[in-house]
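> Take a look at this one; I'll ask things after.
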Amino acid sequence: MTKILLALLIMLSPVISSAQTDMDAIMMGKKRFCIGPMYSYSSWKDYWEGSLKRDNENIGTVSTEMTGLMGNYGISSKLNVLFSLPYVKTKATAGTLKGMKGVQDLSLFIKWMPVETEMLGGFFSLYGVGGFSFPLSNYVADFLPLSIGLQSRTASARLMADYQTGSFFVTASATYVLRDNIRIDRTAYYTTALHLTNEVKMPDGANFNFRTGIRNERLIAEAVVNNWNTLGGFDITRNNMPFPSNRMNATTIGANFKYVILPVRNEVSMVLGANTTVAGRNMGKSNTYYGSVFYVLDFNRKTKSQDQPSKTN
Amino acid sequence: MKKTFFLTALLIALFVILFIGCSKDIAGRTDNTPALNPVNTDLNAGTWKPILLTGPAEFAIAAPIATNTPEYIAQINEIKSSQVDLTSEEMAIVKYWSAGAILRWNEILRELVAKHNIPPYQNADGTYPLPSATNPLAYPLFPFSNPPYAARAYAYVSAAQYDALVAAWHYKKLYNRAAPYKVDATLNLLVPQSDLPSYPSEDGVVAGTAVEMLKLLFPGDQDFVQQKAAEHKRARILSGANVRSDIEAGEALGKLVAQKFVTRARGDRAGAAAGNQAAWDKLEKDCIARGETPWISQELPKRPPMLLAYGKVKAFLFDSLTAVSLRPGPPPLVGSQQMKDEIEEIYQLSKNVTRERIRIVHFWADGVATYTPPGHWDAIAAEDFITKNFSEVRWARNMALLNMSLMDASIVCWDTKYTYFNARPSQLNPAIKTITGLPNFPAYISGHSTFSGAAAAILGHIIPERAAQYNAMADEASLSRMYGAIHFKSDCVVGLVVGKKVGSYAIERAKTDGAE
């Protein structure tokens, strides 16, 4: 019988937690394109089997390395499009299971700021973000915890509100994520019942994100709390293997810094951040570190003077 | 602003097209199986050779009451009143069960196997707890339905159902009671008509046998099993296929036959298959004494090798001397050039994986929380049998032949594993990483290969036009264990050969059991 090697991971957190993303209240100015490489390293030794926290000597520490390219283009200062394209590599330090690697999912977002108004001596803005993601390769989803992703096509809708007074800001968002069924390599699987099919119904998800700190022309320093919940799915039973349609929940807390190194027209900035999982279900208790460098390409004609909104970078 | 509006509208439209249009609900491959409508009722199946029964009349079944008695008429009226205003749930259970009793109970058994196929978590002191049949709901749940346990469970249930149906067919012909819809033409029939006498009901027989066998094999799941049985019997009354006395007589017969198989199972030595620390130590010592490298558990903490005395279990198709004679010669010596080459071959496969090879590994892995390789072959067989419109008794006979082959393959395979007690590739070269879970028992011979060789042989006999495909599937299942980097070539090649030999005993039985 196969050796038991359990636990979970999932690729959500690295994408979610990086700066200059779909989840922050930052808009690129018109015809400005911010692009850069990102790297993140996430690992866990303990994980939640259902709600039971445990470790597993047959898997040791599971790590996920992600390198990717992220970009954000300003169609206008109120409408941005974003993308992220990660390459993922997993590894377990104990046991015999081989890690996996490959190009994961392409994420695309449209970020729209319909409301920006003065309020109580500061600025209040509202955002709507729509997103899609889909796998770019036929990677293996059904090999948790060493899969590089879940293969599910997703569509997400987010409402986000931001308030800034002076350098102080606070941002809160709520996201609903529709997740499409996936297909796995085997012809039957057991969840809480036997399914005689290779198709797996993936529960939808909801995400809540709260961030606060200081934000000005040169620097963003923020504390971030993120809460991801799978709306449905089932628990890993005692000593069982994880499965893509498990109920996967995670709450992370972290800090995130962005510093504009070269505050010129084609500015260069860097992002550093980290987060740790404080609560979860059917997922690893992971610590994640990440960093990226962004370069802004300005496609506006040089002769025209720039009049960027205060929050644009 | 206009552009913004347009883009937002586009986004919403895409969202809707991508997701709202496609339903998330998934149909299982056998959910919409049409009602069983056998091309041949096999009216003379009462003369087929049973497996354990001394004859089809070993257990007496009383003659049915006449169809003109008030009691029988009351039973007809029970059907009629149950059919008034059928709910969609009632229609659904009629549809589900009409696909075939052997099919559905095989699927239920596969579900129980998958549910229970999880190795226990260790104790605090690094030992492992054993599931207890007398306390099945305490952790670790009983049973741990690993492949040998599952193979034996499938075999006992299938063989008992076959014997019980042979007896049922004997009484059907003997008593020749017409089906309720032939007695009362006004009765609404929701399943295909049959000329088969309805007493005792084959559905009652199959359900009764399953319930009784599963008390032994999955004693903690009786609530689930009883609920399925109640639903099955209800479906037959709702459909108008059987009156209550047909079903009750069948159920009683099924239970009696099952008890004979339960008695056999209690004495087939499976109870001692787990072995103990002393037996494990001895296997290791004996292997070292032969000058070889013994198998070492690569789990932490070290887990006892799976069912080290399972090779002594009593087979269905041959006696214990024959079982031993089917044991192949030893694997290549660890120090031999052949073994060096085989280690290198697996190392290369482990290092250079391809997506297609991973697909093959995972397609056949049938590891933790699955219905195991024997269950996979049952699934393959069941989906082919559906297309054949076999009678229930022929379904049972073919499933019994297949599952006795799989169980006996597991016996010969486990006997071989613990005779040679040799290492897995990743033990001999720790740089070998596996593409699927590493089984916690010796390598030679590959269980998947032995199971698949046996299954392909008997299935190729039952459905000759598919023989080439079954052999190709067996080859792929066998190869998948090398692609997964958990078996050597010798394990797989020899496993297939041994499996085919086991299968040939089932073929010999098939040729002489009166069904061909």
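The values are calculated or read from the model by the stated rules, or taken from the named source; none is laboratory data. Quick caveat, the model's predicted, so the values are computed rather than measured. Counting neighbours? That spans all protein chains shown, and the Cβs are built from the backbone with ideal geometry, glycine included. For the accessible areas, the whole protein counts, side chains as well, though only heavy atoms, and no ligand, DNA or RNA atoms are used. Shrake-Rupley method; radii C 1.70, N 1.55, O 1.52, S 1.80 Å.
> Can you tell me the Rg and the Dmax, both Å, for the Cα atoms in the protein assembly as shown?
So, for the protein assembly as shown, Rg and Dmax equal 31.4, 105 Å respectively.
> Sticking with this structure for a sec: So which GluC sites (Glu not before Pro) in region B:174-251 are both in a DSSP loop and have at most 15 other Cβ atoms within 10 Å of their Cβ?
Sparse-neighbourhood loop GluC sites (Glu not before Pro): none present.
> Among the listed pairs A:101/A:201; B:115/B:511; A:53/B:228; B:302/B:433, give every one whose C-alpha distance is greater than 28 Å.
Cα-Cα > 28 Å for B:115/B:511; A:53/B:228; rest within.
> Another one. Using a 7 Å offset from the Cα along the Cα-to-Cβ direction at both residue A:134 and residue B:472, what is the distance between the two label points in nm, to one decimal?
3.1 nm
> Cα axis of helix B:277-289 to longest principal axis of chain B: angle in degrees, 0 to 90, nearest 10?
Orientation of helix B:277-289: about 50 degrees from the principal axis.
> At a Förster radius of 35 Å, what calculated FRET efficiency corresponds to the Cβ-Cβ distance of residue B:324 and residue B:47, to the nearest 0.05?
About 0.55, to the nearest 0.05.
> Moving on to the next point. Once both labels are modelled 7 Å past Cα along the beta-carbon direction, what's the residue B:182-residue B:266 spacing in nm?
3.9 nm
> What does the net charge come to around residue A:295 if you take all other residues with beta carbon closer than 13 Å to its beta carbon, with K and R at +1 and D and E at -1?
Charge balance near residue A:295 sits at 0.
> To continue, here is another question. So if I take the centroid of the Cα atoms in region B:136-187 and the same for region B:263-331, what is the distance between those two points in Å?
Centre-to-centre (Cα) distance: 31 Å.
> If you take every residue apart from residue B:419 with its C-beta less than 15 Å away from the C-beta of residue B:419, what net charge results, scoring Lys and Arg +1 and Asp and Glu -1? Don't skip to the end; give the middle numbers.
Working: positive: B:282, B:285, B:290, B:312, B:327, B:417; negative: B:284, B:286, B:292, B:415, B:491.
Surrounding charge for residue B:419 is +1.
> With chain A treated as a Gaussian network of Cα nodes joined by springs under 10 Å, which of A:261, A:182, A:59 yields the largest mean-square fluctuation?
Looking only at A:261, A:182, A:59, the largest GNM fluctuation is found for A:261.
> I've got another one for you. Could you work out how far the C-alpha centroid of region A:131-166 sits from that of region A:224-267, in angstrom?
10 Å
> Ok, one more. Between A and B, buried accessible area summed over both sides at probe 1.4 Å, in Å² to the nearest 100?
Using a 1.4 Å probe, the pair buries roughly 5200 Å².
> Applying the Karplus parametrisation 6.51 cos²θ - 1.76 cosθ + 1.60 with θ = phi - 60° to the phi angles of region A:243-256, what ³J(HN,Hα) value in whole Hz is obtained for each residue in order, glycine and proline being reported as x?
After applying 6.51 cos²θ - 1.76 cosθ + 1.60, I find 9, x, 9, 4, 7, 10, 10, 7, 10, 10, 10, x, 10, 9 Hz.
> For the residue pair residue B:356 and residue B:66, what label-to-label distance in nm results when each label sits 7 Å from Cα along the Cα-to-beta-carbon direction?
Simple spin-label model gives 7.1 nm for this pair.
> Relative to the longest principal axis of the C-alpha atoms of chain B, give the angle of the C-alpha long axis of helix B:489-512, reported between 0 and 90° and rounded to the nearest 10°.
Approximately 30 degrees, to the nearest ten.
> So what is the calculated 222 nm ellipticity per residue for chain B, using -39500 (n - 2.57) for each DSSP H run with n of 4 or more, over all residues, to the nearest 500 deg cm²/dmol?
Roughly -19000 deg cm²/dmol at 222 nm, from the helical runs in chain B.
> Just how far, in whole angstrom, is region A:51-128 from region B:358-403 if you go by their alpha carbon centroids?
42 Å
> Also: What's the longest uninterrupted piece of chain A once you rule out the GluC sites (Glu not before Pro) that are loop residues per DSSP with at most 16 other Cβ within 10 Å?
That gives A:58-216 as the longest site-free run.
> Which net charge results when you count Lys and Arg as +1 and Asp and Glu as -1 among the other residues whose beta-carbon is under 11 Å from that of residue A:178?
+1
> Pop the C-beta distance of residue A:89 and residue B:24 into the FRET formula with R0 = 35 Å and round what comes out to the nearest 0.05.
0.70
> Let me ask something else about it. Highest GNM mean-square fluctuation, chain A, Cα pairs closer than 10 Å: which of A:286, A:125, A:63?
In this elastic network of chain A, the residue with the biggest mean-square fluctuation among A:286, A:125, A:63 is A:125.
> Rounded, prolate or oblate, given the Cα gyration tensor of region A:6-307, with a/c below 1.5 counting as rounded?
prolate
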